[in-house]
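Chemist: Before we start, here is the structure in question, set down as structure tokens.
The values are calculated or read from the model by the stated rules, or taken from the named source; none is laboratory data. Source: prediction; values computed, not measured. Virtual Cβ from ideal backbone geometry, glycine too; neighbours counted across all protein chains shown. Heavy atoms of the whole protein, side chains included, go into the accessibility calculation; ligands, DNA and RNA do not. Shrake-Rupley method; radii C 1.70, N 1.55, O 1.52, S 1.80 Å.
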Amino acid sequence: MQIISSVDQMQKTAEALRLEGKILALVPTMGFFHEGHLELMRVGKAHADQLMISIFVNPTQFSPTEDFDQYPRDPEGDIAKARQVGVDIVFMPSAEEMYAPGYQTSVLVHHVTQHLCGLSRPTFFEGATTVVCKLFHIMKPHIAVFGQKDYQQLTVISRMVMDLDLDIRIIGVPTVRDNEGLALSSRNAYLNPEEKKSALSLKKSLDLADEMFAAGKRNAFIIKKAVQDLIESHPYTKIDYVSVCDPVTLEEVETLDKENLLALAVWVGKTRLIDNCLIRDKKV
Ligand code: AMP
């Protein structure tokens, strides 16, 4: 397994592999690996000759009040896990390597960023699309793998790839959960045992909405209210948003259709968690 920290070396390595005819898959990450990250890597490996990952806690996608400094990091543990999964190349640049002095260019996807997390984290997606676009140019993948846990991010990246004609296939991987249903996240490390119990309300509320849909309920307001009430019945929770929306445009809907996205962001103590599920007509 090769570990690369320079942009120049990464570009030369990727170019040489492409000239050899190798198919390259990339899994971009911020590190502190859990099974969700490892699952993305396994999917990437199954689709490519060379599996590349990036580990970079991207400062430009955090606002000044967010947890950039506290974000959990474990480069040595991550490298050991990556080796076990069979990663071929780890790209781990410094912030200075990624953002040269005088840096002033960004990539902005205009509309799908204006809903859900884009409302409470207004600069997040511009930072994310810019860094992912840079990683695509540095690492030259044919395929890039993202988690459906960050559904909006997957939507925004897919839109960017389409709009900028990037010759990269985007693969989305279903959310990996622990045995109690909590979506795995590096930020779960912030939760104490009491908060973790409350955090289970996110998945429980998704299941409740799914049951309501299966029972014929189609009024988004009623479903959202039930979701909110379930979450708020757990201590330490504070809802950022509960949205029932179109799974492509992410625009809120009033009446549920054949396929709908239910997306949540909830503070549990000082930790902001997100989760989502597609609520769809099982007959379709
Ligand atoms: P992060 O390191 O949190 O930026 O995540 C890196 C990638 O892993 C993103 O594409 C995430 O959507 C994905 N990911 C994070 N958690 C999970 C999970 N529980 N299941 C599936 N994918 C995940």
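Chemist: Taking the options Ile279, Ile274, name whichever one is over 17 Å from the mean Cα position of the chain (by Cα) and either assigned to a strand (DSSP E or B) or surrounded by fewer than 15 Cβ atoms within 10 Å (Cβ to Cβ) (or both). Can you show your working first?
Modeler: Values: Ile274 fails: over 17 Å from the mean Cα position of the chain (by Cα).
Of Ile279, Ile274, the one residue that is over 17 Å from the mean Cα position of the chain (by Cα) and either assigned to a strand (DSSP E or B) or surrounded by fewer than 15 Cβ atoms within 10 Å (Cβ to Cβ) (or both) is Ile279.
Chemist: Can you go through Glu15, Glu76 and tell me which one is open to solvent by 40 Å² or more (accessible area, probe 1.4 Å), away from the ligand (no atom under 13 Å from the Cβ), free of Cβ contacts under 8 Å to residues at least 40 places away in the same chain and outside any loop (DSSP other than H, G, I, E, B)?
Modeler: Values: Glu15 fails: free of Cβ contacts under 8 Å to residues at least 40 places away in the same chain.
Among Glu15, Glu76, only Glu76 is open to solvent by 40 Å² or more (accessible area, probe 1.4 Å), away from the ligand (no atom under 13 Å from the Cβ), free of Cβ contacts under 8 Å to residues at least 40 places away in the same chain and outside any loop (DSSP other than H, G, I, E, B).
Chemist: Being in a loop (DSSP other than H, G, I, E, B) and open to solvent by 40 Å² or more (accessible area, probe 1.4 Å) is the filter here, so list the residues in segment 79-106 that pass it. Break it down stepwise before answering.
Modeler: Filtering segment 79-106 down to residues in a loop (DSSP other than H, G, I, E, B) leaves 86-88, 92-94, 99-106.
Across segment 79-106, the qualifying residues are Asp88, Met92, Ser94, Ala100, Pro101, Gly102, Tyr103, Gln104, Thr105, Ser106.
Chemist: Restricting to segment 127-136, count the residues that are touching a residue at least 60 places away in the same chain (Cβ under 8 Å) and more than 9 Å from the ligand (Cβ to nearest atom).
Modeler: Just the residues of segment 127-136 that are touching a residue at least 60 places away in the same chain (Cβ under 8 Å), to begin with: 127-128, 130-132, 135-136.
Checking the rest, the ones that are also more than 9 Å from the ligand (Cβ to nearest atom) come to 127, 130-132, 135-136.
Total satisfying the criteria: 6.
Chemist: Give the residue that is most open to solvent (accessible area, probe 1.4 Å), with candidates limited to residues of segment 25-54 that are in a loop (DSSP other than H, G, I, E, B) and within 11 Å of the ligand (Cβ to nearest atom). Outline the logic, then answer.
Modeler: Applying the first criterion (in a loop (DSSP other than H, G, I, E, B)) to segment 25-54 yields 30-34, 47-49.
So of that shortlist, the ones also within 11 Å of the ligand (Cβ to nearest atom) come out as 30-34.
Details: Met30: 39, Gly31: 1, Phe32: 65, Phe33: 11, His34: 43 Å².
Across segment 25-54, the extreme among qualifying residues is Phe32.
Chemist: To continue, here is another question. Just to confirm my filter: which strands (runs of 3 or more DSSP E) fall fully inside segment 137-256 and include at least 1 residues that are within 16 Å of the ligand (Cβ to nearest atom) and buried (at least 19 other Cβ atoms within 10 Å of the Cβ)?
Modeler: On the way: elements: 143-147, 169-173, 237-245.
Ranges flagged: 143-147, 169-173.
Chemist: Here is a further query. When you scan segment 55-66, do you find a residue that is among the polar types (S, T, N, Q) and within 13 Å of the ligand (Cβ to nearest atom), even just one?
Modeler: Taking segment 55-66 as the starting set, the residues that turn out to be among the polar types (S, T, N, Q) are 58, 60-61, 63, 65.
Pick out the ones that are also within 13 Å of the ligand (Cβ to nearest atom) and you get 58, 61.
So far as segment 55-66 goes, yes, one or more of its residues are among the polar types (S, T, N, Q) and within 13 Å of the ligand (Cβ to nearest atom).
Chemist: Further, regarding this structure: Name every residue in segment 257-271 that is within 18 Å of the chain's Cα centre (by Cα) and open to solvent by less than 80 Å² (accessible area, probe 1.4 Å), in order of residue number.
Modeler: Leu261, Leu262, Ala263, Leu264, Ala265, Val266, Thr271
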